[in-house]
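Encoded as structure tokens, the structure appears first; notes follow it.
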Amino acid sequence: MKTKPSIGRPDMAEVIPMATESGWQPNIVAMVCRWCTYAGADLAGTSRLTYPATVRLVRFPCTGRMNPLFILKAFEHGADGVLVSGCHPGDCHYVQGNLYARRRFATFKALMEFVGLDPRRLHFSWVSASEGAKWVHVVEEVSTAVQAVGPAKRAGGNDAALPAAATSRAPASAEEHEALARRVRKVTADLLHDGEISVVLGYKHGT
Ligand code: FES
């Protein structure tokens, strides 16, 4: 089924599973930059182009402002797929934001399997303000790809939408936290020393 989606800024918590008479359709959260892809999607709307009503747009100032944790959050709240789209390289309104984003998300995609998410659920594209038709094409392609993967499981299984690490219990006290941190440091130092790994990525609370 094709409809003309509205362009609004949804609350991710409102993403709910979709079902149509013809069967299941994926929920796709499209994180777009306001200057290029959002305007391109708007152009598709004003040009009366139609595309699958599978995407919910979330508008950002720039793809460089998007944090990989936002992607995890989208999956946590019921997305079956995520599309990240912004200005073409060289056209970013903040000069290099999209280049940083490209590197950050390429790394994130490589880590998806590790945290239990199917990488086929995450897509990237460049869509400018004048590319309404390209936006339609991208949405159709991504919808088809995510539909082929199927619904994301919300708990358990190999493709749990929320990685186990994100749901694990936080340390109960400062001492427990410090003991855990010491263990993590020791294990990573040993792995680096033995050459088993060459890079460690770390996160602190909220980033
Ligand atoms: Fe569009 Fe940076 S302003 S990607």
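What follows is calculated from the coordinates using simple rules that are stated; it is not laboratory data. In this text, all values refer to a predicted model and were calculated from it rather than measured experimentally. Here Cβ is always computed from backbone atoms with ideal geometry, including for glycine, and neighbour counts include all displayed protein chains.
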Taking the inverse of the average 1/r across all pairs of different Cα atoms in segment 61-123, what Kirkwood radius in Å do you get? 12.2
What is the fewest-to-most order of Asp91, Asp194, Asp80 by other Cβ atoms lying within 10 Å of their Cβ? Asp194, Asp91, Asp80
Exposure proxy check: Leu122, Leu83 ranked by fewest other beta carbons within 10 Å? Leu122, Leu83
Using Stokes-Einstein with the Kirkwood hydrodynamic radius over Cα pairs, what translational diffusion coefficient do you get for segment 31-71 at 20 °C and a viscosity of 1.002 mPa s, in µm²/s rounded to a whole number? 193
Figure the gain on full extension for Arg59 and Ala172 (residue separation times 0.36 nm, minus the Cα-Cα span) and round it to one decimal in nm. 37.1 nm
Distance between modelled label sites at Arg183 and Gln96, nm, 7 Å Cα→Cβ extension: 3.9
If you rank Val149, Val138 by fewest surrounding Cβ atoms within 10 Å, what's the result? Val149, Val138
1/(1 + (r/R0)^6) with r = Cβ-Cβ of Phe70 and Asp190, R0 = 30 Å, i.e. FRET efficiency to nearest 0.05, evaluates to 0.35
